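Following: one structure in structure tokens, then a few remarks.
The values are calculated or read from the model by the stated rules, or taken from the named source; none is laboratory data. Please read these numbers as outputs of a predicted model, since none were measured by experiment. All Cβ positions, glycine included, derive from the backbone under ideal geometry; neighbour counts span all protein chains shown. Protein only, heavy atoms only, side chains kept; ligands, DNA and RNA dropped before computing areas. Shrake-Rupley method; radii C 1.70, N 1.55, O 1.52, S 1.80 Å.
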Amino acid sequence: MSEIRELFERNHAWAERIEHEHPGFFQRLSQQQAPAFLWIGCSDSRVPATQIVDIDPGTIFVHRNVSNVVIHTDLNALSTIQFAVDALKVRHIMVVGHYGCGGIGAVLEHKRMGLIDNWLRHVGDVAVRHRALLDESLPFATRHDRLCELNAIEQAMNVCATNIVQDAWARGQSLRVHAWIYGLQDGHIHDLGIDIDSAQAAEPKYREALAALAERWRSEDAA
Ligand code: CO
């Protein structure tokens, strides 16, 4: 069977199974989506949003790009966030990084891969900002883990800084922004201590989360 043919066959089997288990599922879902979550994650094939949290279609609005980057001029990401916040009224936005992220590893290795180097410069900016925590004397795996965590936090802060999220908070809309990280090796998601529900909470929460990370890393270093 060709690999493409297999995808169609799997799709048909899946649709039939879901319909059998939940009669009318697709019909109901086709009328309207009302997701409570916007997931901003990495394009990595190993980090599929709904599968990781074991939830049905219709629950999570998703935006993925290489290394889960949120930049202020990316119309794609901004449009997704705007639609999710203003039209769908999601209650949570989570930026979900993952350990072992190839894009983030490439930044640390100063790898040249073409056009994507320019995109990954935004992760490079995170590395520059936190260079004290990413000391070259540390093992590569440690620096890689750390930059994956820091990047998720920084990109979540970028979400908070958008006029979309700021305006939602200003009009009293309930909206929380989170930074998570996913472990490819065990399938577990970890909270990075960012849970921001207002403009005023952003800066103190950010400092708190960074302090907690630094503290955890210190104890890991000592162990
Ligand atoms: Co990745």
| Quick check: is even one residue across segment 55-66 without any contact (Cβ under 8 Å) to a residue 12 or more places away in the chain, outside any helix (DSSP H, G or I), of a type outside the set (Lys, Arg) and open to solvent by less than 60 Å² (accessible area, probe 1.4 Å)? | no
| task | Check off (1) within 26 Å of LYS111 (Cβ to Cβ); (2) open to solvent by less than 70 Å² (accessible area, probe 1.4 Å) for PRO139 and give me the number that stays unchecked. | result | (2)
| field | Members of segment 33-42 that are assigned to a loop (DSSP other than H, G, I, E, B) and either within 12 Å of the ligand (Cβ to nearest atom) or under 18 Å from VAL177 (Cβ atoms) (or both) | value | PRO35, ALA36
| request: List the number of the failed condition for ILE81; all other conditions in (1) over 13 Å from the mean Cα position of the chain (by Cα); (2) in a helix (DSSP H, G or I) hold. | output: (1)
| So which of LEU133, LEU120, LEU150 is open to solvent by less than 80 Å² (accessible area, probe 1.4 Å) and in contact with a His (Cβ under 6 Å, 6 or more places away or on another chain)? | LEU150
| task | Return the only residue of ASP167, ASP145, ASP117 being of a type in the set (Asp, Glu) and more than 21 Å from ASN65 (Cβ to Cβ). | result | ASP167
| request: Determine whether GLY97 is away from the ligand (no atom under 16 Å from the Cβ), not in a helix (DSSP H, G or I) and not aromatic (Phe, Trp, Tyr). | output: no
| Does segment 159-182 hold any residues that are away from the ligand (no atom under 15 Å from the Cβ), open to solvent by 10 Å² or more (accessible area, probe 1.4 Å) and closer than 22 Å to ILE52 by Cβ, and which are they? | ARG176, HIS178
| field | Residues satisfying the stated conditions in segment 199-223, i.e. crowded, with 16+ Cβ neighbours inside 10 Å and under 23 Å from LEU88 (Cβ atoms) | value | ALA201, ALA202
| Residue that is farthest from the ligand (Cβ to nearest atom) [pool: residues in segment 67-94 that are open to solvent by 60 Å² or more (accessible area, probe 1.4 Å) and touching a residue at least 40 places away in the same chain (Cβ under 8 Å)] | LYS89
| note | SER45 meets each of (1) polar (S, T, N, Q); (2) open to solvent by less than 90 Å² (accessible area, probe 1.4 Å); (3) within 15 Å of the ligand (Cβ to nearest atom) with one exception, condition (2)
| said: Cβ-Cβ under 6 Å, sequence separation 6+ or interchain: first residue in segment 144-155 and at positive phi, partner crowded, with 24+ Cβ neighbours inside 10 Å and of a type in the set (Gly, Ala, Ser). Which pairs? | reply: none
